[in-house]
Amino acid sequence: MKTMKLWMLAAILIVCGACSDKNGQVKNVVSEPVAEEQVEQSSGPIFTDFEQPDMDGQLHKLSEYAGKGRWVLVDFWASWCGPCRAEMPNVVAAYHKYHDQGFDVVGVSYDSDKEMWAQAVKDLEMPWTQLSDLQGWDNATSAIYGIQAIPANLLINPEGVIVARDLRGEDLQKKLEEVIHVE
């Protein structure tokens with residue numbers, strides 16, 4: 001029964017992830033965060049794909065990374081966000097500790113100024129893929145994933161299932177330690 005409810009929630013999020021109003025404008029669809037206890041590693045909502053450009057203008061889909069046999073943290077942030085910048089050393093440390101064991105990060109910036117975004121990536125030494133449609137809070141992923149505040153993130157297992165949301169600080173480290181075995 002629990003698994004059926006999770007799949008129904010996933011279907012609703014996928015179908016309504018980018019609903020639009022009568023004028024064709026994308027509406028921000030609010031979804032309740034999925035509690036970590038509710039999502040088992042082998043079942044839960046499958047990630048919803050999206051496509052955005054990197055800093056060089058090359059388009060990338062989340063599906064290039066997620067569901068390909070690696071753990072993926074989708075990190076929603078912005079250069080102007082103080083709490084995002086404060087959390088970034090923790091994400092960088094997790095990346096360096098677990099990358100060789102099958103962990104990747106995909107950054108999704110809610111910036112609208114490309115130069116500020118690029119400078120923050122450089123200053124914060126974030127070596128992973130960075131994407132942004134440069135639409136600020138109107139970033140398409142806010143509607144897809146119900147992002148209402150940043151920093152925010154999704155942890156996606158190697159099969160493409162979202163197993164946790166909004167892991168920060170010690171919680172991120174504990175979860176990664178639990179699911180990725182450092183050799």
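Please report the accessible area of HIS181 (heavy atoms, 1.4 Å probe, ligands and nucleic acids excluded) in Å², nearest 10.
Rounded to the nearest 10, that gives 140 Å².
What's the magnitude of the charge dipole for region 97-183 around its Cα centre, counting Lys and Arg as +1 and Asp and Glu as -1 at the beta-carbon? Answer in Debye, nearest 20.
Around 140 debye, computed over region 97-183.
In nm, give the distance between the simple-model label positions of HIS181 and GLU125, each being 7 Å from the Cα along the Cα-to-Cβ direction.
Reported label-point gap for HIS181 and GLU125 is 3.1 nm.
Can you give the local net charge around TYR95? Use residues other than it whose beta-carbon is closer than 13 angstrom to its beta-carbon, Lys and Arg +1, Asp and Glu -1. Write out the running numbers ahead of the final one.
Numbers: positive: ARG70, LYS97; negative: ASP75, GLU87, ASP100, ASP104, GLU125.
Net charge around TYR95: -3.
Over region 117-181, consider all pairs of different Cα atoms and compute the Kirkwood hydrodynamic radius from their mean reciprocal separation; express it in Å, one decimal. Numbers along the way, then the final one.
Working: mean 1/r = 0.0721 Å⁻¹.
After inverting the pairwise mean of 1/r, the radius is 13.9 Å.
Working with all protein chains in place, sort PHE76, PHE47 by solvent-accessible area computed with a 1.4 Å probe, largest first.
From most accessible down to least: PHE47, PHE76.
For VAL106, which sequence-distant residues (separation of 5 or more, or a different chain) have an amide H within less than 5 Å of its own amide H, given hydrogens modelled in the peptide plane?
Correct list: LEU73, VAL74, ASP75.
Of all the accessible heavy-atom surface of region 131-183, with the other protein chains kept in place and a 1.4 Å probe, what percent is carbon and sulfur? All intermediate terms of the calculation are to be shown ahead of the outcome.
Details: 990 of 2270 Å².
In region 131-183, the share of accessible area belonging to carbon and sulfur is 44 percent.
Would you calculate the separation in nanometres between label points at ARG85 and GLU64, each defined as 7 Å from the Cα along the Cα-to-beta-carbon direction?
Each label point lies 7 Å from its Cα, and together they span 2.8 nm.
For LYS114 paired with GLN101, estimate the spin-label separation in nm (one decimal), with each label point 7 Å from Cα along the Cα-to-Cβ line.
3.8
For a quick size check, give me the Cα extents of region 96-137 along its three principal axes, largest first, whole Å.
Projected onto the principal axes, the Cα atoms of region 96-137 cover 33, 19, 11 Å.
Heavy-atom accessible area per residue, region 61-110, 1.4 Å probe: how many Å²?
36
When all alpha-carbon pairs of region 71-119 are counted, what percent fall beyond 16 Å? Walk me through the intermediate numbers first.
Details: 488 of 1176 pairs.
The share of Cα pairs beyond 16 Å in region 71-119 comes to 41 percent.
The values are calculated or read from the model by the stated rules, or taken from the named source; none is laboratory data. Please read these numbers as outputs of a predicted model, since none were measured by experiment. In this analysis, Cβ positions are derived from the backbone assuming ideal geometry, glycine residues included, and neighbour counts consider all displayed protein chains. When the accessible area is computed, the model is the full protein with side chains, heavy atoms only, and any ligands, DNA or RNA have been set aside. Shrake-Rupley method; radii C 1.70, N 1.55, O 1.52, S 1.80 Å.
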